[in-house]
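The structure appears below as structure tokens.
Read-outs: derived from the displayed coordinates by stated rules, not from any lab. Fair warning: this is a prediction, and the values are worked out from it, not measured in the lab. So basically every Cβ, Gly included, is an ideal-geometry build from the backbone, and we count neighbours across all protein chains shown.
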Amino acid sequence: MPFIEHVSYTDLERLALERLVPALLSHGFCYVDGLLGDLAGSAVLDQVVEMHRSGQLQDGRLAGSIPGVSRKSIRGDQIAWVSGAERGCEAISFLLSLVDRLISVCASRLGGKAIRERSKAMVACYPGNGAGYVKHVDNPNHDGRCLTCIYYLNKNWNPKEHGGVLRIFPEGKPYVADIKPLFDRLLIFWSDRRNPHEVQPSYSTRYAITVWYFDSEERAQAKKRFRDLTASTEQQGSSSS
């Protein structure tokens, strides 16, 4: 369903109501193929490849460190954060606006979540040297992230040869879900502990763009906890000096 030719509220609403919302509520994840169509999807890919070629991607960071364990053994991607307003990101901006519209249709039907904002886009590359990302949860500590949306950009991808599958371990389910990172595929899943997931080792250059949509109420509480912790730490520091 290449939306580039006929992006309308009716199309988005049909996709949301008939596929995305039911799948998220019953399985916790869903994906859509052919989101933009070849022309627009290729334009997004070209911009991401140029970002990689020009050295704009940097090693992804970890929330913490483990003594004696290297970062790359946990997370081997290279990333950049973009808003879509940057020069050379016009196609990425189009993608983000389309996903924003799609999520806005879903938002009011996902169990009372107040989804009104999102992160910047994380452009990511696994460089094809066996890099992956070990099993983890995007939002294990109520930081506000509600939905993870990943748009894949990998043409002619063969998982048997190239690896790079995203494996989801749905909480409480007797199965795993293996998602191939195929070109023009959008994957959406709950960001919390319902969906631990991993990126299996990639043996070819693997590109994706990820955004996280926030539950505004949970996000506000997380920011308040951070402010309170910062104030407490500063107070302790001043009292001990």
Can you give the helix-only mean residue ellipticity at 222 nm for the chain, where every DSSP H stretch with n ≥ 4 adds -39500 (n - 2.57) and the sum goes over all residues, rounded to the nearest 500 deg cm²/dmol? -10000 deg cm²/dmol
Within the chain: Cβ-based charge dipole about Cα centre, in debye rounded to nearest 20 (Lys, Arg +1; Asp, Glu -1): 580
Give the cross-link partners of LYS223 among the lysines, using a straight C-alpha distance below 20 Å as the criterion and excluding same-chain residues fewer than 8 apart. LYS113, LYS120
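Kyte-Doolittle mean at least -0.5 and Cα extent at least 18 Å along the axis: which DSSP H helices of the chain qualify?
Correct list, ordered by number: 38-53, 90-107.
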Partner lysines for LYS180 [C-alpha distance under 21 Å; skip if fewer than 8 residues away on the same chain]: LYS135, LYS155, LYS160
Springs between alpha-carbon pairs under 10 angstrom, Gaussian network model over the chain: which of SER202, SER54, SER97 fluctuates most? SER54
In terms of modelled amide H atoms, which long-range or inter-chain residues lie less than 5 Å from the amide H of LEU35? LEU186
Amide H neighbours of LEU153 under 5 Å, at least 5 residues apart or on other chains, H built in the peptide plane: list them. ASP184, TYR207
